[in-house]
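The structure appears below as structure tokens.
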């Protein structure tokens, strides 16, 4: 149902080269180039910069790609729903941020499907911005994110009220303190998630409210894996700022230690975001009810 030229465009964007796209699509490289040229003629805009070594969409090309993704996602959704109708099931595609993945969310989703065998859930992980874009382009039905994206076109349900905290290993001298100052945190080797991650952006936002900048901190390691961050901190290779829900078990066992930062509260939310046009919203509200009753 989707124009083959659209599939070619999306494959080209995902692979980053005409050669790789041709190989994945089992086409010749001239055929891929021809598809892109036909799209440019059809819409009257250049889709990619011609004089760049690296394949990069023009501003007009980014618009074409955005709607191409939406068209492809709607076609895939059509196939899925027709198949669901034949099989008498409901399939939900849910995206979740890595930090939210460390909460009870995956367990509660799995528990829901166990009680409702006619509901199938496909779970993917990505950062908050990408997940939000995927919901808007219909690639995902819902996103569970550690943060909030204000948008009047989306419905938001609060799942978890949480907070960020400063975490060290028991061997760290600060572990014996009742609290630490922000200037003391600056002296620590920090292991953080990268820019674009929800908890990282939230931490930087709280720093800004304190007239501070992440540039004044000693960030020695950036890694987008919550479990690895906990392991590195537990090995006393640095400290971190992480969500309380993501390290609650380690705090309870004494494997990690939370030390409050003086005069700094960092509240965090885990929200479920979806389009009000999504027609299985009743399932999402049942899942939300499971969170509120846990």
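The values are calculated or read from the model by the stated rules, or taken from the named source; none is laboratory data. Keep in mind it's a predicted model, so treat the numbers as computed, not measured. Reconstructed Cβ throughout: ideal geometry from the backbone, glycine too, with neighbour counts over all protein chains shown.
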Which numbered condition residue 110 misses (of (1) under 25 Å from the mean Cα position of the chain (by Cα); (2) closer than 23 Å to residue 3 by Cβ; (3) loosely packed, with under 14 Cβ neighbours inside 10 Å)
(2)
Would you confirm whether any residue within the stretch 57-71 is surrounded by 13 or more Cβ atoms within 10 Å (Cβ to Cβ), touching a strand residue (DSSP E or B) at 6+ places or on another chain (Cβ under 8 Å) and not in a helix (DSSP H, G or I)?
yes
What number goes with the only condition from (1) within 19 Å of residue 139 (Cα to Cα); (2) touching a helix residue (DSSP H, G or I) at 6+ places or on another chain (Cβ under 7 Å); (3) assigned to a helix (DSSP H, G or I); (4) not assigned by TED's automatic domain parsing to the domain that holds residue 40 that residue 81 does not pass?
(2)
I'd like to check something: does the stretch 140-147 contain any residue that is at negative phi, free of Cβ contacts under 8 Å to residues at least 40 places away in the same chain and either out of contact with any strand residue (DSSP E or B) (no Cβ under 9 Å at 6 or more places or on another chain) or not in a helix (DSSP H, G or I) (or both)?
no
Scanning the stretch 227-272 residue by residue, the ones that are part of a helix (DSSP H, G or I), surrounded by 19 or more Cβ atoms within 10 Å (Cβ to Cβ) and under 18 Å from the mean Cα position of the chain (by Cα) total 3
Would you say residue 123 is at negative phi and not assigned by TED's automatic domain parsing to the domain that holds residue 105?
no
Residues in the stretch 105-129 that are touching a strand residue (DSSP E or B) at 6+ places or on another chain (Cβ under 8 Å) and in contact (Cβ under 8 Å) with a residue 40 or more places away in the chain total 5
Inside the stretch 207-226, can you point out the residues that are modelled with pLDDT of 90 or more and assigned to a helix (DSSP H, G or I)?
207, 208, 214, 215, 216
Here is a check on your reading of the model: is residue 188 modelled with pLDDT of 90 or more, surrounded by 16 or more Cβ atoms within 10 Å (Cβ to Cβ) and assigned to a loop (DSSP other than H, G, I, E, B)?
yes
Mind counting the residues in the stretch 39-56 that are over 18 Å from residue 16 (Cβ atoms) and part of a helix (DSSP H, G or I)?
4
Run residue 233 past the list (1) more than 30 Å from residue 70 (Cβ to Cβ); (2) free of Cβ contacts under 8 Å to residues at least 40 places away in the same chain and report the number of the one that doesn't hold.
(2)
